[in-house]
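Okay, so here's the structure we're looking at.
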Amino acid sequence: MSPKIPIGKLALLVSSLTDEELEPFTDQLKDVEYCTGKAGSMNMQKIIAAVETAAKRNHIIVDDVYRETHALYHAILEALNGVMRGQIGAGDMMRTVGLKFAIVRGSPYVELEEGEWIAVAFYGTIGAPVKGLEHEAFGLGINHIG
């Protein structure tokens, strides 16, 4: 059995690789809950809503448990902070994003008492709202669920 890949690294891989490229990691992904999605917008609320909706629809978080939604929200913000280079905002700053995201939930520590954690990773492009004037960006956020 190969060593366990941390949930943050798995989130980065899932958000940036194609299904074919992910095949070598199939066994590692069996140990976690995860889902993917895409979001493109000049509006950060739409990006946040897309990730939250995917997490709820795919049962990565329990919809009516506040600490789970709260943990996801902070992981999203941390990941967006990376994509946005520290200034979370798009349309008001004349920039837009086209992102693939991955949400991974698991127990990253050997000691199960450390609980479950959630990782959100974004991979895609950011730039001026003109086709061809964007560049690659990555963001990762990890938060404990409880």
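Extents of the range 1-83, taken as max minus min of Cα coordinates on every principal axis and listed largest first, are 39, 29, 21 Å. With the helix formula -39500 (n - 2.57) applied to DSSP H stretches of n ≥ 4, the chain reaches a computed 222 nm mean residue ellipticity of -10000 deg cm²/dmol.
Taking only the C-alpha atoms of the chain, Rg followed by Dmax gives 15.1, 49 Å. Cα to Cα, under 12 Å, and not fewer than 8 places away if on the same chain: which aspartates and glutamates meet these conditions relative to K4? The qualifying aspartates and glutamates are D27, D31.
Projecting label points 7 angstrom from Cα along Cα→Cβ for E113 and A128 puts them 5.7 nm apart.
Each other residue within a Cβ distance under 12 Å of T69 adds +1 if Lys or Arg and -1 if Asp or Glu, for a net charge of -2. Label sites at R57 and H144, each approximated as a point 7 angstrom past Cα along Cα to Cβ, lie 3.2 nm apart. You can think of it this way: the chain between D64 and T26 has 10.7 nm of extra reach, that is 0.36 nm per residue less the Cα-Cα gap. Taking a straight line from the alpha carbon of K100, these lysines sit under 19 Å away, with near neighbours fewer than eight places off in the same chain left out: K9, K38, K46, K56, K131.
Throughout, read-outs are computed from the coordinates displayed, never taken from laboratory work. The structure presented is a predicted model; accordingly, all values stated were derived computationally and were not measured. Ideal geometry is used to build each Cβ from the backbone, glycine not excepted, and the neighbour counts take in all protein chains shown.
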